[in-house]
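Taking it in order: structure first as structure tokens, then the write-up.
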Amino acid sequence: MGMTTENKLEKIKHNRKLWIENFVHIADNKNDLIKFKLNEQQDEFLTKMGKFNIISKSRQIGFSTLSLAYCLFQAHTNPNSNYLILSYKNDSSSALFEKVKSMNRMLPKNKYKNYFASVHRENRNELLLSNGSRITCQVAGNKDVGRGSTFQYILLSEFAFYSNQEKVLLSCEQSLAKNESSKVVIESTSNGIGNFYYRLFKTAWKGNSKYQAFFYPFFSSGLSKQFKSILDEAERWHLSYYGDRLRKKDLEEDEKQLQELGANLRFLMFRRYLLMDMTEDEFAQEYPAHYMQSFVSSHVGVFSQSHILQRMDYIKEPKTMKEVKQSDIPKVLQKYLRKSLFIYDFPQKSMKHYAGVDTATGSGSDFSTITIINEENEEVATFMSNKVPVYEFADIVDALGKWYGYAFLAVERNHVGLPLIERLRQDKGYANMLKQKIFDQKGKKKLQLGWQTTQQNKAIMIQDFKESFELNHILLHNKETLEQMQIFVESDSRGKMGNAGDNHDDLVISAALAVQAKKQGKWYV
């Protein structure tokens, strides 16, 4: 015996996907009203989303539409609940709210009487239902955003473009209902590096936040049907322009990388089609292939993004705790293993090693870093900590350097680098360090321990590192170093070479110093 209509409706009422796909209508690319069928990415997010969610995405995947449909489902099935939709400007806010009101008007209320709540009040920023549930739409610039209400679900659409991101999010979190099913969803295309959205997403992506991070590239498999019209158009253009459809043998190097990430030939023809009128950076910002790509494409970085992304796909994992502890690593280094110190290859007695050392105070701001490469220019070890005082860092540099066959050290002597050099030379007897030629006031030439960074030689140092990296003369394994390279710019907000915003570049400096150490061609031990 089949289910009655009442049984079916009751089942649908308790299943958000069934409710949305049975009752919500949207306009397709031809402006025809159709039932909202979730694509793979929307379905995945609806299944996996937790209480706090942040999404970085390509354009037009449809997460704001999904959120509107979800709010409508919740409002009709949970009486006396509130929902907030935020956007960054009036026209986008109005467009979102018109869409949710249209969805509500298209619900089959006549067919299933008493199943849906009726409209009690509807105006330009509020939809109040007869069951007491309310959907509100606001602009993020409003000082009173979320104040005075408790919300079951909050959508922050295009969050990266808010002028007061941190303040708005704090206000929204405080107004979130204190129950197990309430949720915050941040969804946005990217808007450069250094802002709060960038830091929040990057922290969440690493698993160090209460927010759960999601990323969806432009070639996500579920978009083939959704983008069918423009994909067909791009294929017709390619056939006309090139005389044939794109084939695997015709792929350029960057296209091969995208195919390895999951892009099929139709999406690659779509990319070629749009690149007729866009730069690669513009395309990457709107249609990213990697979660970092859209962030870095909006500024001029020093290092090649394609080289960095390709390297990230093949980096070597550091040695495990068990592997390292079975080696003869000095005892002073053991407490830092897999926390601040990462070993990629053990010392080889027959091979020389070179290290770059950047020193900080250990007060919790800048990081003290060490990058060690072998004579074949492969990274073998990396250290990074912002809580190690200079005297303790000297012990680490000494022990690590001597373990790697008395590595040749290029220590930046600026700021607290000089006290480190003095401890290494006088207290530890470490002699194998880079020396710079300088002239005293009398014009007499002498050698000075360490690398004194100036505005002029910093540019040379970074360009040497860039050349080594992009010509594949150096092999890096540390992911954090590569991420810092992604956002390293020729001129930051202070007009200096470094990383955008409040982001760190200490590992870039130590890696560049390691290249200088190798370049010296000296060995004092």
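The values are calculated or read from the model by the stated rules, or taken from the named source; none is laboratory data. Given the structure is predicted, the values throughout are model-derived calculations rather than measurements. Glycine also receives a Cβ, built like all others from the backbone with ideal geometry; neighbour counts cover every protein chain displayed.
Some notes on this structure:
- Candidates 345, 328, 358, 366, filtered to the one that is out of contact with any Asp or Glu (no Cβ under 9 Å at 6 or more places or on another chain) and acidic (Asp, Glu): 328
- Test: residue in the range 26-33 that is assigned to a helix (DSSP H, G or I) and either of a type in the set (D, E, K, R) or farther than 30 Å from residue 281 by Cβ (or both): no
- Residue match in the range 97-104 (condition: assigned to a loop (DSSP other than H, G, I, E, B), assigned by TED's automatic domain parsing to the domain that holds residue 52 and under 38 Å from the mean Cα position of the chain (by Cα)): no
- Failed item in (1) modelled with pLDDT under 95; (2) closer than 30 Å to residue 244 by Cβ; (3) outside any loop (DSSP other than H, G, I, E, B); (4) touching a Phe, Trp or Tyr at 6+ places or on another chain (Cβ under 8 Å), with residue 306 passing the rest: (4)
- Answer from 204, 234, 263, 213 - the residue that is part of a helix (DSSP H, G or I) and within 25 Å of the chain's Cα centre (by Cα): 204
- Neighbours by Cβ (under 7 Å, 6+ apart or cross-chain): first from the range 359-372, in contact (Cβ under 8 Å) with a residue 24 or more places away in the chain; second of a type in the set (Lys, Arg) and part of a loop (DSSP other than H, G, I, E, B): 362/387
- The range 164-193 - residue that is touching an Asp or Glu at 6+ places or on another chain (Cβ under 7 Å) and over 28 Å from residue 80 (Cα atoms) and, of those, modelled with the highest pLDDT: 188
- Hits in the range 347-385 - residues which are of a type in the set (D, E, K, R), surrounded by fewer than 24 Cβ atoms within 10 Å (Cβ to Cβ) and not in a loop (DSSP other than H, G, I, E, B): 378, 379
- Residue 61 vs. criteria within 26 Å of the chain's Cα centre (by Cα), in the same structural domain as residue 189 (by TED's automatic domain parsing), in a loop (DSSP other than H, G, I, E, B) and surrounded by 15 or more Cβ atoms within 10 Å (Cβ to Cβ): yes
- Test for residue 32: is it surrounded by fewer than 24 Cβ atoms within 10 Å (Cβ to Cβ), in contact (Cβ under 8 Å) with a residue 24 or more places away in the chain and farther than 22 Å from residue 160 by Cα: no
- Some residue of the range 259-280 being β-branched (Val, Ile, Thr), in contact (Cβ under 8 Å) with a residue 12 or more places away in the chain, under 30 Å from residue 54 (Cβ atoms) and not assigned by TED's automatic domain parsing to the domain that holds residue 170: no
- The set of residues from the range 463-480 being surrounded by 14 or more Cβ atoms within 10 Å (Cβ to Cβ) and out of contact with any Asp or Glu (no Cβ under 9 Å at 6 or more places or on another chain) comprises 464, 465, 466, 468, 469, 470, 479, 480.
- Residues of the range 257-279 that are surrounded by fewer than 14 Cβ atoms within 10 Å (Cβ to Cβ) and over 20 Å from residue 216 (Cβ atoms): 275, 276, 277, 279.
- The listed residues are 193, 186, and the only one of them that is surrounded by 22 or more Cβ atoms within 10 Å (Cβ to Cβ), assigned to a loop (DSSP other than H, G, I, E, B) and of a type in the set (A, V, I, L, M) turns out to be 193.
- Residue in the range 395-404 that is in a loop (DSSP other than H, G, I, E, B), closer than 22 Å to residue 335 by Cα and either free of Cβ contacts under 8 Å to residues at least 40 places away in the same chain or of a type outside the set (Asp, Glu) (or both) present: yes
- Residues being under 25 Å from residue 305 (Cβ atoms) and basic (Lys, Arg) - total across the range 221-267: 3
- Residue check, residue 486 in contact with a Phe, Trp or Tyr (Cβ under 9 Å, 6 or more places away or on another chain), modelled with pLDDT of 80 or more and either farther than 23 Å from residue 341 by Cα or not aliphatic (A, V, I, L, M) (or both): yes
- For residue 315: the one exception among (1) in contact with a helix residue (DSSP H, G or I) (Cβ under 9 Å, 6 or more places away or on another chain); (2) outside any helix (DSSP H, G or I); (3) in the same structural domain as residue 381 (by TED's automatic domain parsing): (3)
- Close pairs (7 angstrom Cβ cut-off, 6 or more residues apart or separate chains): hydroxyl-bearing (Ser, Thr, Tyr) in the range 339-352, exposed (fewer than 15 other Cβ atoms within 10 Å of the Cβ) and not in a loop (DSSP other than H, G, I, E, B) anywhere: none
- Put simply, of 336, 344 the only residue that is touching a His at 6+ places or on another chain (Cβ under 9 Å), assigned by TED's automatic domain parsing to the domain that holds residue 434, under 30 Å from residue 198 (Cβ atoms) and hydroxyl-bearing (Ser, Thr, Tyr) is 344.
- Residue 157 meets the conditions (1) in contact with a strand residue (DSSP E or B) (Cβ under 7 Å, 6 or more places away or on another chain); (2) under 21 Å from residue 96 (Cα atoms); (3) surrounded by fewer than 20 Cβ atoms within 10 Å (Cβ to Cβ) in every case but one. The failed one is (3).
- Filtering 115, 198 for residues that are in a loop (DSSP other than H, G, I, E, B) and touching a residue at least 60 places away in the same chain (Cβ under 8 Å) leaves a single hit, 115.
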